[in-house]
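All remarks here apply to the structure that follows.
The values are calculated or read from the model by the stated rules, or taken from the named source; none is laboratory data. Note that this is a predicted model, so its numbers are computed, not measured. For neighbour counting, all protein chains shown are included, and Cβ atoms are generated from backbone atoms with ideal geometry for every residue, glycine included.
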């Protein structure tokens, strides 16, 4: 009996020592080492790819934002501020106090099938709004001109990018609203269009936050 108790004690002590060592290595030393290396080699990415303007963080290059007008009484959702390039629909799952620009509390898709009535209505209404909002006197937009990312949210609901096609669709409206030349806005979009990663991974894309920051600077200088 005493021998059995002693063996049990040794096993428990060995397990406790393993727990303490692994906790120290995996729970303290390894995270500190990874964090230190990340801060030394890529501090921007390690800190969330934050974007600063005039010393103030205005967002992250990894998280989408909305650009809307102040909410009026009884209005839901708020109307888009058409001076700015608009992102993909978010279809957020809730609100939060951290990122008030993008109404999302969890990352995720709508999980609705292609024949779901709600999804069909969302896409139909979104397409009509894109056509209406982006049509100008000299640039009428047709429903067939509207790319898929203009009317659907991404799988995460947090996508900060839009396609070059959707960015170009908005050029005439942005130029008109900001009293700028169309060619100037076309150049701005071209400068902020990122190619495929390594030339073959993913699709060309435009970061909406970076594009709108550049647009704000352009408007201030004009």
Check your understanding: Scanning for something closer than 30 Å to residue 213 by Cβ, surrounded by 10 or more Cβ atoms within 10 Å (Cβ to Cβ) and without any contact (Cβ under 8 Å) to a residue 12 or more places away in the chain, does the range 7-30 turn up at least one residue?
Key -> no
Check your understanding: Checking residue 203 against (1) part of a helix (DSSP H, G or I); (2) in contact (Cβ under 8 Å) with a residue 12 or more places away in the chain; (3) farther than 21 Å from residue 66 by Cβ; (4) within 23 Å of the chain's Cα centre (by Cα), which test does it fail?
Key -> (1)
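Quick check, is residue 175 within 16 Å of residue 84 (Cα to Cα), touching a helix residue (DSSP H, G or I) at 6+ places or on another chain (Cβ under 7 Å), buried (at least 17 other Cβ atoms within 10 Å of the Cβ) and touching a residue at least 40 places away in the same chain (Cβ under 8 Å)? Break it down stepwise before answering.
Details: within 16 Å of residue 84 (Cα to Cα): yes; touching a helix residue (DSSP H, G or I) at 6+ places or on another chain (Cβ under 7 Å): yes; buried (at least 17 other Cβ atoms within 10 Å of the Cβ): yes; touching a residue at least 40 places away in the same chain (Cβ under 8 Å): no.
No.
To keep it simple, each residue is scored yes or no on (1) at pLDDT 85 or above; (2) assigned by TED's automatic domain parsing to the domain that holds residue 168; (3) in contact with a strand residue (DSSP E or B) (Cβ under 8 Å, 6 or more places away or on another chain); (4) assigned to a loop (DSSP other than H, G, I, E, B).
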site: 17; (1), (2), (3), (4): yes, no, no, no
site: 22; (1), (2), (3), (4): yes, no, no, no
site: 28; (1), (2), (3), (4): yes, no, no, no
site: 34; (1), (2), (3), (4): yes, no, no, no
site: 87; (1), (2), (3), (4): yes, yes, yes, yes
site: 107; (1), (2), (3), (4): no, yes, no, yes
